[in-house]
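Data first, discussion second: the structure below is written as structure tokens.
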Amino acid sequence: MRTAFINQLIIEAQTNEKIFLLVGDLGYNVVEQFAELYPERFLNVGIAEQNMAGIAAGLALEGFCVYIYSIGNFPTLRCMEQIRYDICYHKLNVKIVAVGGGYAYGSLGASHHATEDIGMLRTIPNLVICTPADPVETKAITLFSAHHFGPCYIRIGKAGEPTVHKDNFLTELSIGDIIQVKKDDGVAVFSTGGMLKYVVDFIEQNNIHSSIYSFPFVKPINKDILLEILNSHKKIITIEEHQAQSGFGSAILEAMNDLLENGKLSHAPFVKRIAIQDTFYSLAGSQEYLRKLAKLELEVDLFKI
């Protein structure tokens, strides 16, 4: 995903001279091409993420479209105050890119587990939350972010994530879009971020009749599209590599309640959330190992209505 991000950012920078990239002393073998092509629009600020957010705010006030790039927790949890006051309060054109969402950096321990970021950031006004599932969605989200004026959070994987969507399946995204991956009756799986490949494989390997939807946006979610999906399914399963509190599943429940409250949805389907259950895992291990430990897994029985 990170390669898809930087490649698309380079393309956008060719026609947008205001795109500026800040990194926190990382991204080697990823960001070098951007730095070589646009040295006047690239800066390594060192291991100083809060300062990086402040620099981004200053550059945005001077008219730049600024991208902050760092590992998981560091441009997010460490910079919450700067994101809230310096960037989002002023609706500045800053894009916060966290590479290694969820357990992608699981081998480095809990300090590198980015599993609370969505919940914390989606409470901040004016901030769009983007969680692409594969390189194709990452490319489309990068394109979207370059043309959207205002703060965005982009949560991507580490490296080597498989492509789920076919080439040229997706070129552009509008804010809040939901992507239909597979259509069936009865049960629908809602996936966000890097869990999509696992979901698709599980459904195919077990020959399960189920719809699959990918959510590259957690905030906002297009409620008109969501309403159509909720009306056509009796059961929803949400899955995410994030804490259950205030995460993607919570966003779906909130949106569904709003539709019920406003009289647009006559009845609510049953919702099963699969997410991390309010715990830290003080272990180092692969992303796959930690996902299993956290029980981020589907079961065939879940698809019974």
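The values are calculated or read from the model by the stated rules, or taken from the named source; none is laboratory data. The shown structure was predicted, so the numbers you read here are calculated from the model rather than taken from an experiment. Neighbour counts are summed over all protein chains in view; Cβ atoms, including those assigned to glycine, are modelled from backbone coordinates with ideal geometry.
Remarks
- Considering residues of region 220-238 that are without any contact (Cβ under 8 Å) to a residue 40 or more places away in the chain and closer than 17 Å to Asp184 by Cβ only, the residue farthest from the chain's Cα centre (by Cα): Asn231
- Count of residues meeting criterion [outside any strand (DSSP E or B) and in contact with a Lys or Arg (Cβ under 8 Å, 6 or more places away or on another chain)] in region 177-191: 0
- Leading residue by the ranking (surrounded by the fewest Cβ atoms within 10 Å (Cβ to Cβ)) among those in region 99-111 that are part of a loop (DSSP other than H, G, I, E, B) and within 12 Å of the chain's Cα centre (by Cα): Gly100
- Any hit, region 22-30, residues being of a type in the set (Phe, Trp, Tyr), outside the structural domain of Ser286 (by TED's automatic domain parsing) and closer than 23 Å to Val128 by Cα: no
This table checks each residue for (1) surrounded by fewer than 24 Cβ atoms within 10 Å (Cβ to Cβ); (2) without any contact (Cβ under 8 Å) to a residue 60 or more places away in the chain; (3) polar (S, T, N, Q).
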| site | (1), (2), (3) |
| --- | --- |
| Leu77 | yes, yes, no |
| Met80 | yes, yes, no |
| Ile83 | no, no, no |
| Asp86 | yes, yes, no |
| Tyr89 | yes, yes, no |
| Val94 | no, yes, no |
| Val97 | no, no, no |
| His113 | no, no, no |
| Ile118 | no, no, no |
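- Count of region 18-45 residues, restricted to those that are among the small types (Gly, Ala, Ser) and closer than 19 Å to Ile83 by Cβ, is 1.
- Counted as qualifying within region 1-66 are the helices (runs of 4 or more DSSP H) with 3 or more residues that are within 21 Å of Lys158 (Cβ to Cβ) and in contact (Cβ under 8 Å) with a residue 24 or more places away in the chain, namely 2-15.
- Failed condition for Asn51, given (1) at pLDDT 95 or above; (2) closer than 29 Å to Asp134 by Cβ; (3) surrounded by 15 or more Cβ atoms within 10 Å (Cβ to Cβ): (2)
- Region 78-109: number of residues that are out of contact with any strand residue (DSSP E or B) (no Cβ under 6 Å at 6 or more places or on another chain) and under 22 Å from Met1 (Cα atoms): 7
- Of the residues contained in region 195-202, one or more are found to be hydrophobic (A, V, I, L, M, F, W, C) and surrounded by fewer than 22 Cβ atoms within 10 Å (Cβ to Cβ).
- Taking (1) within 17 Å of the chain's Cα centre (by Cα); (2) over 24 Å from Lys292 (Cβ atoms); (3) not aliphatic (A, V, I, L, M) in turn, His209 satisfies each apart from (1).
- Matching residues, region 157-180, being within 19 Å of Ala251 (Cβ to Cβ) and β-branched (Val, Ile, Thr): Ile175, Ile178, Ile179
- Condition met for Lys264 (outside the structural domain of Thr131 (by TED's automatic domain parsing) and within 30 Å of Ala140 (Cβ to Cβ)): yes
- The sole residue among Ile154, Ile141 that is crowded, with 24+ Cβ neighbours inside 10 Å and part of a helix (DSSP H, G or I) is Ile141.
- Residue list for region 147-202, restricted to those being modelled with pLDDT under 90, in contact with a strand residue (DSSP E or B) (Cβ under 9 Å, 6 or more places away or on another chain) and farther than 21 Å from Leu226 by Cα: Lys158, Ala159
- When Tyr69 is tested against the conditions (1) surrounded by fewer than 24 Cβ atoms within 10 Å (Cβ to Cβ); (2) under 17 Å from Cys152 (Cα atoms), the lone failure is (1).
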